[in-house]
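The values are calculated or read from the model by the stated rules, or taken from the named source; none is laboratory data. This is a predicted model, so every value here is computed, not measured. Virtual Cβ from ideal backbone geometry, glycine too; neighbours counted across all protein chains shown. The area values use the complete protein model at the heavy-atom level, side chains included, leaving out ligands, DNA and RNA. Shrake-Rupley method; radii C 1.70, N 1.55, O 1.52, S 1.80 Å.
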Amino acid sequence: MLTVYIEGDGFAYARPGRRSMDPTPTDPVALRLALQHPGNGAVAWLARPCQYAPRTRNCRSDYWTVARYAPEVIDSAGAALDRLKRDTAGASRLILVGYSGGGALAALLAERRDDVAALVTVAANLDLAAWVRAHDLTPLSASVDPATEAARLSRTPQVHFVGADDRVVDARIARAFVARMAPDAPASITVLPAQDHGCCWARRWPLLASRPELTRIEGWR
């Protein structure tokens with residue numbers, strides 16, 4: 001089993017309405033989660049397209065704003081997962097863990113692959129339409145919404161962590177996503193008190209990673 005942590009959207013906007021010229025995260029939360037993964041299993045971290053190399057050919061600001069979950073972004077991340085599997089001895093199955101927008105991308109990947117054993121998200125905007133409505137945001141017009149095909153995950157074990165004090169992605173978004181699945185889908189939503197969107201997920205991760213909803217996932221530890 002290979003567990004892959006997928007980074008969040010990074011520094012997408014310098015200020016409201018003004019795109020950043022460099023989407024590299026100022027605080028790579030998913031990386032810090034990966035560094036505290038429990039057990040001795042194989043773990044990898046996946047940054048998002050154009051992060052850490054924003055001047056690479058084909059990188060344009062659409063890919064960290066309105067097209068951050070475009071089909072070609074999903075395909076690029078999927079190719080990275082294929083390579084990580086090839087480079088990891090004995091890895092035939094994946095557990096995907098995504099923070100914030102990385103959780104949305106993890107869900108999109110899980111919906112399209114047959115090798116994902118479980119999906120874990122942290123503060124993830126899993127239903128883009130509900131998220132945009134809730135916060136009156138500019139629609140992600142060139143992106144694929146994970147909620148559209150969420151029913152494909154009705155048999156995939158899932159854990160979705162949400163901060164009770166998160167003003168960026170609240171629990172309504174995770175609930176809207178899970179509601180698209182079959183009623184008996186193996187998906188749980190855990191709302192953590194005194195937790196916001198960014199601060200302290202990594203500090204709390206060793207304890208969260210030992211919670212029963214995660215330890216019962218085959219291959220987690």
Which of (1) open to solvent by 20 Å² or more (accessible area, probe 1.4 Å); (2) closer than 14 Å to Ser100 by Cβ; (3) in a loop (DSSP other than H, G, I, E, B) does Leu31 not meet, given it meets every other one?
-> (3)
Run down Ala194, Ala209, Ala176 and say which single residue is without any contact (Cβ under 8 Å) to a residue 60 or more places away in the chain, more than 19 Å from Leu105 (Cβ to Cβ) and of a type in the set (Gly, Ala, Ser).
-> Ala194
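Is it the case that Arg68 is modelled with pLDDT of 95 or more, in a loop (DSSP other than H, G, I, E, B) and of a type in the set (D, E, K, R)?
yes
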Within the range 212-221, track down each residue that is open to solvent by 70 Å² or more (accessible area, probe 1.4 Å) and farther than 13 Å from His37 by Cβ.
-> Pro212, Arg216, Glu218
The range 66-84, subset among the charged types (D, E, K, R) and more than 24 Å from Pro139 (Cβ to Cβ), residue most open to solvent (accessible area, probe 1.4 Å) = Arg83
Ala110 vs (1) within 18 Å of the chain's Cα centre (by Cα); (2) more than 30 Å from Ser92 (Cα to Cα): all pass except (2)
Restricting attention to the range 3-21, which residues are outside any strand (DSSP E or B), over 28 Å from Gln158 (Cα atoms) and open to solvent by 60 Å² or more (accessible area, probe 1.4 Å)?
-> Pro16, Gly17, Met21
Near pairs, Cβ below 7 angstrom, 6+ apart or cross-chain, from the range 58-79 (more than 12 Å from Arg48 (Cβ to Cβ)) to any residue that is buried (at least 19 other Cβ atoms within 10 Å of the Cβ) and modelled with pLDDT under 95 = Val66/Leu140
Residue among Ala12, Ala67, Ala89 that is of a type in the set (Gly, Ala, Ser) and closer than 25 Å to Trp201 by Cα = Ala12
Filter result for Val73 (modelled with pLDDT of 95 or more, in a strand (DSSP E or B) and closer than 21 Å to Pro25 by Cα) | no
Any chance Val132 is touching a Pro at 6+ places or on another chain (Cβ under 6 Å) and among the β-branched types (Val, Ile, Thr) = yes
Select the helices (runs of 4 or more DSSP H) contained entirely in the range 96-211, then report the ones holding at least 2 residues which are surrounded by 23 or more Cβ atoms within 10 Å (Cβ to Cβ).
-> 101-112, 128-135, 171-178
Selection count where residues are within 17 Å of Ile6 (Cβ to Cβ) and of a type in the set (Ser, Thr, Tyr), scope the range 18-73 | 4
Is there a residue in the range 1-18 that is in contact (Cβ under 8 Å) with a residue 60 or more places away in the chain, of a type in the set (Phe, Trp, Tyr) and more than 20 Å from Gly198 (Cα to Cα)?
-> no
